[in-house]
Amino acid sequence: MRIIAKSTLRKFWEQAAYRDARGPLESWHEEAIKAAWTSPQTVKSKYRNASICGNNRVVFNIGGNKYRMVVEMQYRAGIAWIKFIGTHAQYDKIDVETVNEN
């Protein structure tokens, strides 16, 4: 998959409060760039705890479920577009289907 954009991940983990997210986010990124997700089912086969949402969005649990990441999947184009990364409290304040904080 083509990930848009690793800089979004880096910007998140470079914040002092979220430095512990670096390892898990780098691991997710490495797995995602090698993946060939063609449908929500192929995502779920690798990430059983991922939540499939409307508007082609998938919510990944990051860092032992400490953080949540919303990714818009463009399956035909092979693109995973990171739309949001945050804590559970921050996640609870967004609309998964429309968030666009990249």
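Numbers at a glance
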{"quantity": "Sparsely packed trypsin sites (Lys or Arg not before Pro) within the range 37-102, loop by DSSP, other Cβ within 10 Å at most 11", "calculated": "R48, R76, K93"}
{"quantity": "Surface share of carbon and sulfur [accessible, 1.4 angstrom probe, percent] for the range 1-89", "calculated": "48 percent"}
{"quantity": "Correct option for mean projected area of the Cα convex hull in nm² [calculated from the coordinates] among (i) 7.7; (ii) 5.7; (iii) 6.4", "calculated": "(ii)"}
{"quantity": "Size of electric dipole in the range 43-102: Cβ of Lys, Arg +1 and of Asp, Glu -1, about Cα centre, debye, nearest 20", "calculated": "300 debye"}
{"quantity": "Å² per residue, accessible surface of the chain at 1.4 Å", "calculated": "56 Å²"}
{"quantity": "Positive-pole candidate from A17, G64, T42, dipole of the chain, charges at beta carbon", "calculated": "T42"}
{"quantity": "Antiparallel %, DSSP beta bridges [both residues in the chain], to 5", "calculated": "85 percent"}
{"quantity": "Helix 22-34 axis, angle to the chain major axis (alpha carbon atoms, nearest 10°)", "calculated": "10 degrees"}
{"quantity": "Student exercise, the range 7-54 dipole from Lys, Arg, Asp, Glu Cβ charges, in Debye to nearest 20", "calculated": "100 debye"}
{"quantity": "Tensor-based shape of the range 51-101 (alpha-carbon gyration tensor, a/c under 1.5 rounded, otherwise prolate or oblate)", "calculated": "prolate"}
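The values are calculated or read from the model by the stated rules, or taken from the named source; none is laboratory data. Quick caveat: nothing in here was measured; it's all calculated off a predicted structure. FYI the Cβ positions are ideal-geometry reconstructions off the backbone, even for glycines, and counts take in every protein chain you see. Each accessible area value is taken on the protein alone, full model and side chains, heavy atoms only, with ligands, DNA and RNA left out. Shrake-Rupley method; radii C 1.70, N 1.55, O 1.52, S 1.80 Å.
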